[in-house]
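The values are calculated or read from the model by the stated rules, or taken from the named source; none is laboratory data. Quantities reported herein were computed from a predicted structural model and do not represent experimental measurements. As a convention, Cβ positions derive from the backbone with ideal geometry for all residues, glycine included, and neighbour counts pool all protein chains shown. These area figures cover heavy atoms from the full protein model, side chains too; ligands, DNA and RNA do not enter into them. Shrake-Rupley method; radii C 1.70, N 1.55, O 1.52, S 1.80 Å.
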Amino acid sequence: MLSERRVQAIIPTADLEAARTFYEGVLGFRPGWVSDRTIYYAMGEGTTFGVSVSSGRASGTHTQMAFVTPDLDTDVADLRARGVALEEYDTPALRTVNGIAQMGPSRASWFRDPEGNLLGVVQLAED
């Protein structure tokens with residue numbers, strides 16, 4: 001059944017070249033498969049995600065895709081070194097300090113791509 005299948009996220013973009021510049025040039029991802037409307041990126045542990053031309057637009061009010069990391073501090077430092085601006089939140093439900101939120105035993109950080117898609121990096125609590 002579907003509960004046993006890998007998941008692939010598709011991120012919408014109106015400008016595929018701008019998205020490609022960000023995901024490859026800024027974040028350092030390498031394209032796996034490229035068509036005239038979609039670029040797929042191979043990630044760790046057999047996962048993939050795509051950036052696809054779409055007339056739909058992300059609201060930017062929720063995380064659309066998150067990268068799981070064993071070391072959030074290192075990944076956040078790397079994102080900053082690449083010129084990526086981290087989101088800052090100060091609400092009753094969510095507060096970041098230097099771009100990182102403590103969420104129970106887990107920690108997370110967020111940033112946006114050129115289309116405003118909200119992407120997360122999360123360090124899950126160890127078992």
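Observations on the structure shown:
- The numbered conditions (1) closer than 15 Å to Ala9 by Cβ; (2) at pLDDT below 95; (3) in contact with a Leu (Cβ under 9 Å, 6 or more places away or on another chain) are all true for Glu115 except (3).
- Residues that are open to solvent by 50 Å² or more (accessible area, probe 1.4 Å), at pLDDT 95 or above and in a helix (DSSP H, G or I), drawn from segment 25-45: Gly25
- Beta carbons closer than 9 Å, at least 6 apart along the sequence or on distinct chains, pair a first residue in segment 46-67 that is over 25 Å from Glu88 (Cβ atoms) with a second that is exposed (fewer than 14 other Cβ atoms within 10 Å of the Cβ) and among the basic types (Lys, Arg) for Gly46/Arg6; Thr47/Arg6; Thr48/Arg6; Ser52/Arg37; Val53/Arg37; Ser54/Arg37.
- Residue in segment 63-72 that is of a type in the set (A, V, I, L, M, F, W, C), at pLDDT 95 or above and over 15 Å from the mean Cα position of the chain (by Cα) present: no
- Check on Ser55, at pLDDT below 90, small (Gly, Ala, Ser) and closer than 26 Å to Pro105 by Cβ: no
- Per the conditions (1) assigned to a loop (DSSP other than H, G, I, E, B); (2) within 23 Å of Thr13 (Cβ to Cβ); (3) not small (Gly, Ala, Ser), the sole criterion not satisfied by Pro92 is (2).
- Those residues of segment 60-79 which are assigned to a helix (DSSP H, G or I), of a type outside the set (Val, Ile, Thr) and open to solvent by 50 Å² or more (accessible area, probe 1.4 Å), in sequence order: Asp73, Asp75, Ala77, Asp78
- Residues satisfying the stated conditions in segment 116-127, i.e. open to solvent by less than 30 Å² (accessible area, probe 1.4 Å) and assigned to a strand (DSSP E or B): Leu118, Leu119, Gly120, Val121, Val122
- Once segment 89-115 is narrowed to residues that are open to solvent by 60 Å² or more (accessible area, probe 1.4 Å) and in contact (Cβ under 8 Å) with a residue 24 or more places away in the chain, the residue that is farthest from the chain's Cα centre (by Cα) is Pro114.
- Pairs, first hydrophobic (A, V, I, L, M, F, W, C) in segment 4-21, second assigned to a loop (DSSP other than H, G, I, E, B), C-beta under 6 Å, six or more apart: Ile11/Asn117; Ala18/Pro114
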